[in-house]
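Single-structure report; data block below.
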Amino acid sequence: MSSYRVAELLHEGKAKRVFATDRPDLVAIEFKDDATAFNAQKKAQLQGKGALNCRISALIFEHLRAAGVPTHYLGIDGERWMLVRPVRIVPVEVVVRNLAAGSLCRQLPIAPGSELDPPLLDLYYKDDALGDPLLTEARLQRLELLTEPQRQRLEQLAFAINAALISLFDRCDLQLVDFKVELGFTADGELVLADEISPDTCRLWDRGQSDSNDRILDKDRFRQDLGGVIEAYGEVLKRVQGVCPEASIYG
Ligand code: TMP
Ligand code: ASP
């Protein structure tokens, strides 16, 4: 039931390649070692990043599925391959922020580290050429990317994902500052979590470290040239493995 063959490349992103398989119900994602930031103005190869993000994402998707969040995830195969259901990605980057950091503090007079309660939800139009601009509700309506019930469902899912991630990372002694997710529609029209959730797409602070640089265990280490990127991702995997059952191997 589970054998498949990887077929043509459907899409190459900055950190992953997406392939069709010889089965219409199965898509294969390869996690790359490429790291980019600032809309790919900064680039590097970080050996081992693909495998770490694949494994971390798999464990997180399994945790979210158990918490009732529908996902594209089916399993992993080898170190850096994930099998997923095919989805039509909604070109919206959904960001949930629990503490102020990053672009929020650059764009608004909000001090880094300020608590955001309730969490702040920001939607961005996913388009590298346009620099992923912030969407307003009116702009979203004008683009006709989602119906109103679909937008409400997307926001409901984003907050449910936030709650489930906070509870997972709390058990890892990690603070979830913010994260970005992408969602997609399955063939039968269900909106599900897609893409990845990893230290590339989350800000995670080690609660056991008070130093504002030492506590960073996510892609900000790369963005800010802090070094120790792979070590930080490895630490996240170790902690997530400590509280999650092993990821299921596809097949
Ligand atoms: P920001 O502070 O740059 O707006 O980022 C918010 C969160 O979204 C942070 O956890 C990093 C993540 N993110 C991505 O995953 N991809 C992106 O392209 C950007 C800009 C942010
Ligand atoms: N992923 C984006 C890029 O490659 C931005 C970022 O994560 O900072 O440019």
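The values are calculated or read from the model by the stated rules, or taken from the named source; none is laboratory data. This structure is a prediction, so every number in the text was calculated from the model and none was measured. With ideal geometry, Cβ positions are generated from the backbone for all residues, glycine too; neighbour counts draw on all protein chains shown. Each accessible area value is taken on the protein alone, full model and side chains, heavy atoms only, with ligands, DNA and RNA left out. Shrake-Rupley method; radii C 1.70, N 1.55, O 1.52, S 1.80 Å.
I want to confirm something. Restricting to the range 152-168 and keeping residues that are crowded, with 18+ Cβ neighbours inside 10 Å and in contact with a helix residue (DSSP H, G or I) (Cβ under 9 Å, 6 or more places away or on another chain), which single residue is farthest from Leu123 (Cα to Cα)? Outline the logic, then answer.
The first filter runs over the range 152-168 and keeps only residues crowded, with 18+ Cβ neighbours inside 10 Å, leaving 154, 157-158, 161-162, 164-165, 168.
From what is left, the residues that are in contact with a helix residue (DSSP H, G or I) (Cβ under 9 Å, 6 or more places away or on another chain) are 161, 164-165, 168.
Working: Ile161: 15, Ala164: 20, Leu165: 19, Leu168: 24 Å.
Top of the filtered list is Leu168.
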message: For the list (1) loosely packed, with under 12 Cβ neighbours inside 10 Å; (2) within 16 Å of ligand 2 (Cβ to nearest atom), I need the number of the one condition that Lys126 fails.
response: (1)
- request: Scan the range 1-25 residue by residue and report those that are within 16 Å of ligand 2 (Cβ to nearest atom) and open to solvent by less than 30 Å² (accessible area, probe 1.4 Å).
  value: Gly13, Ala15, Lys16
- request: Identify the single condition in (1) open to solvent by 60 Å² or more (accessible area, probe 1.4 Å); (2) of a type in the set (D, E, K, R); (3) modelled with pLDDT of 95 or more that Glu246 does not satisfy, given that it satisfies every other one.
  value: (3)
task: Could you give me the residue pairs with C-beta distances under 7 Å whose first residue belongs to the range 115-126 and is free of Cβ contacts under 8 Å to residues at least 24 places away in the same chain and of a type outside the set (Asp, Glu), whose second residue is assigned to a strand (DSSP E or B) and surrounded by 15 or more Cβ atoms within 10 Å (Cβ to Cβ) wherever it lies, and which are 6+ apart or on separate chains?
output: Leu116/Arg97; Leu116/Asn98; Leu116/Leu99
task: Mind listing whichever residues of the range 26-63 are open to solvent by 30 Å² or more (accessible area, probe 1.4 Å), among the polar types (S, T, N, Q) and within 16 Å of ligand 2 (Cβ to nearest atom)?
output: Asn39, Gln41, Gln45
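Per-residue answers, yes or no, for (1) within 14 Å of ligand 1 (Cβ to nearest atom); (2) under 15 Å from Ser248 (Cα atoms); (3) assigned to a helix (DSSP H, G or I); (4) of a type in the set (Phe, Trp, Tyr):
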residue	(1), (2), (3), (4)
Tyr4	no, no, no, yes
Arg17	no, no, no, no
Ala20	no, no, no, no
Ser57	yes, yes, yes, no
Glu79	no, yes, no, no
Leu83	no, yes, no, no
Arg97	yes, no, no, no
Leu104	yes, no, yes, no
Pro119	yes, no, no, no
statement: Note: among Arg203, Arg207, Arg171, just one is open to solvent by 30 Å² or more (accessible area, probe 1.4 Å) and within 16 Å of ligand 1 (Cβ to nearest atom), namely Arg203
- prompt: Any chance the range 87-98 includes a residue that's modelled with pLDDT of 95 or more, more than 16 Å from ligand 2 (Cβ to nearest atom) and open to solvent by 60 Å² or more (accessible area, probe 1.4 Å)?
  reply: yes
